[in-house]
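Engineer: What follows is a single structure, and I will ask about it in a moment.
The values are calculated or read from the model by the stated rules, or taken from the named source; none is laboratory data. On a predicted model such as this, the values are computed, not experimentally measured, just so you know. All Cβ positions, glycine included, derive from the backbone under ideal geometry; neighbour counts span all protein chains shown.
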Amino acid sequence: MLSLLLLLVAGGSRAAALPESRVVNGEDAAPYSWPWQISLQYERDGTFRHTCGGTLITADWVMTAAHCISSTLTYQVVLGEYDMAVGEGPEQHIPVAPADIFVHPKWQSSCVACGNDIALLKLQRPAVLNSQVQTGQLPAADTVLPDGYPCYLSGWGRLATGGALPDRLQQALMPVVSYERCTQPDWWGVLAIRRTMICAGGAEKAGCNGDSGGPLNCQAADGHWEVHGIASFVSALGCNADKKPTVFTRVSAFEDWITESTKKLFLSERAGRGQTLEFIRKNAANGLSVANLVAGLSSVLCSLNRQYHHSCWLLLVGFLLDLADGAVARRLDACSALGAKLDDFADFTTFGLATSLLLQPRGVLDGLLAIAYVMAVFARLCFFSSGIPFTYRGLPCPYASSLLAGTFLLTGGNVTLLCVTAIVMILFMVDRGFYPHDKVLESQLWKKVVYAGGVAAVLFSPAAVASVYCLAWSTSYIIFPCAVWSCKA
């Protein structure tokens, strides 16, 4: 990443941003002793290259410096890294989507010393936390460390200004320099340093030409470590220029923004998931109705191609789907006028048109019977209403269809017997007798067992077993509607 240079009108001092993680006069850190340290890498020519440090603050959020980010680059975060020269095993490479990079809104790339040098990156998948990869703890809001407080800067850093780059993670002890001392005229001066910054280190040890985004790690009184700073800039006069300590973004000054940014995205994602779940809730029953419609249309095609056994199987599948969609709609409180119309259209297609083709009409009389059957289903769906809750007037057409399909499979498509059965079903559908709302999936356990048995028989058993099962089920409803299948039974 190209260096970002800023001329400061503060005692003639010049400051340069830290585009890459570099530690001057540091030492090799113990392997994985800073497990929240990350390597921010950008892609060039098909290869990812290290550009900045950063801190893993939650399993899926990384904190770094704003000046590390370019809208033209593609980034990934590497966790569990120690020696960049070798693959040691614990490394986790996680991509970052451009839409998941959040730079502080007040950051000005032309003015590093104006502050707000902080950015957050949402990982595309959560990091796997272990002994080599852990989250860094942030200090309490508005915490300000006293002068001389011992802290460590970590990063893969140049060992001197313009010096070599080490493969292993470096660390350097960098005591805090108070705001009062750091803003003295012969130090950085008041124009270069804001109260939202921390000065640390000095002429001996410093960040250099980088360490950008890397953490300033400070140990609290109870022994745990906190990340108080984000490496931001050094003097252009030299990484370890006298009275020009490394300048960090003070994390405690941005706690509210960090919380707001991460929470806002979380709420946005949760709202998106909520909208998806709400869409599913409202349309689950409609999906079953559409599946029933598809089964009916497929049954029609099978009958036209004289594949009647397949047609019968599809009708039995439609029978099961129809019993399920009403239960799902009521269970999810997703009943709607549109859903009712879709359900009626699917029922008419499957239990009217598709079922009538099982009669294999070849002559005028057979054709008239098929038309009569379709019209009986139409009348049953459109005009018969009992006015009594959970009570049908006229035999529900799915049971008539199930009985005809079962009869076809058992008799091998005996047309005479099918025609007689169809006439009986027409009479049952148009006699306007009362039939209870079976509510198979919303009633006693034994009814749910019957439904589960029907699913097993239709999907996994031979055609003969499925037909006998559905015949017995439908016949019991037709003959003993109130005694056996009443909602109160």
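Engineer: Check A97 against each of (1) in a strand (DSSP E or B); (2) in contact (Cβ under 8 Å) with a residue 60 or more places away in the chain; (3) farther than 30 Å from A241 by Cβ and name the one condition it does not meet.
Structural biologist: (2)
Engineer: Given (1) in a loop (DSSP other than H, G, I, E, B); (2) touching a residue at least 12 places away in the same chain (Cβ under 8 Å); (3) of a type in the set (G, A, S), identify the lone condition not met by S154.
Structural biologist: The failed condition is (1).
Engineer: Hey, among the residues in segment 218-256 that are within 33 Å of the chain's Cα centre (by Cα) and among the polar types (S, T, N, Q), which one's surrounded by the most Cβ atoms within 10 Å (Cβ to Cβ)?
Structural biologist: T249
Engineer: A further question follows. Please go through segment 227-243 and pick out each residue that is hydroxyl-bearing (S, T, Y) and at pLDDT 85 or above.
Structural biologist: S232
Engineer: Consider P166 carefully, then state whether it is out of contact with any helix residue (DSSP H, G or I) (no Cβ under 6 Å at 6 or more places or on another chain), of a type outside the set (F, W, Y), assigned to a loop (DSSP other than H, G, I, E, B) and at pLDDT 90 or above.
Structural biologist: no
Engineer: Here are the criteria: (1) touching a residue at least 12 places away in the same chain (Cβ under 8 Å); (2) loosely packed, with under 14 Cβ neighbours inside 10 Å; (3) of a type in the set (A, V, I, L, M); (4) assigned to a loop (DSSP other than H, G, I, E, B). Tell me which single one V133 does not satisfy.
Structural biologist: Among (1) touching a residue at least 12 places away in the same chain (Cβ under 8 Å); (2) loosely packed, with under 14 Cβ neighbours inside 10 Å; (3) of a type in the set (A, V, I, L, M); (4) assigned to a loop (DSSP other than H, G, I, E, B), V133 violates only (2).
Engineer: I'd like to know if segment 329-344 contains one or more residues that are at pLDDT 90 or above and under 23 Å from H437 (Cα atoms).
Structural biologist: Within segment 329-344 (the criterion being at pLDDT 90 or above and under 23 Å from H437 (Cα atoms)), the answer is no, since none of the residues qualifies.
Engineer: Name the one entry in S356, S336, S289 that is surrounded by fewer than 19 Cβ atoms within 10 Å (Cβ to Cβ) and over 18 Å from A466 (Cβ atoms).
Structural biologist: From the options S356, S336, S289, the qualifying one is S336.
Engineer: Another one. Identify the single condition in (1) of a type in the set (G, A, S); (2) in a helix (DSSP H, G or I); (3) within 18 Å of P35 (Cβ to Cβ) that A127 does not satisfy, given that it satisfies every other one.
Structural biologist: Result: A127 fails condition (2) only.
Engineer: Would segment 23-41 turn up any residue that is in a loop (DSSP other than H, G, I, E, B), in the same structural domain as R168 (by TED's automatic domain parsing), farther than 21 Å from Q124 by Cα and at pLDDT below 90?
Structural biologist: In the first step, residues of segment 23-41 are kept if they are in a loop (DSSP other than H, G, I, E, B); the result is 25-26, 29-36.
Next cut, in the same structural domain as R168 (by TED's automatic domain parsing) only: 25-26, 29-36.
Narrowing further to those that are farther than 21 Å from Q124 by Cα: 25-26, 29-34.
From the residues that got through so far, the ones that are at pLDDT below 90 too are 25-26.
The answer is yes; a qualifying residue exists.
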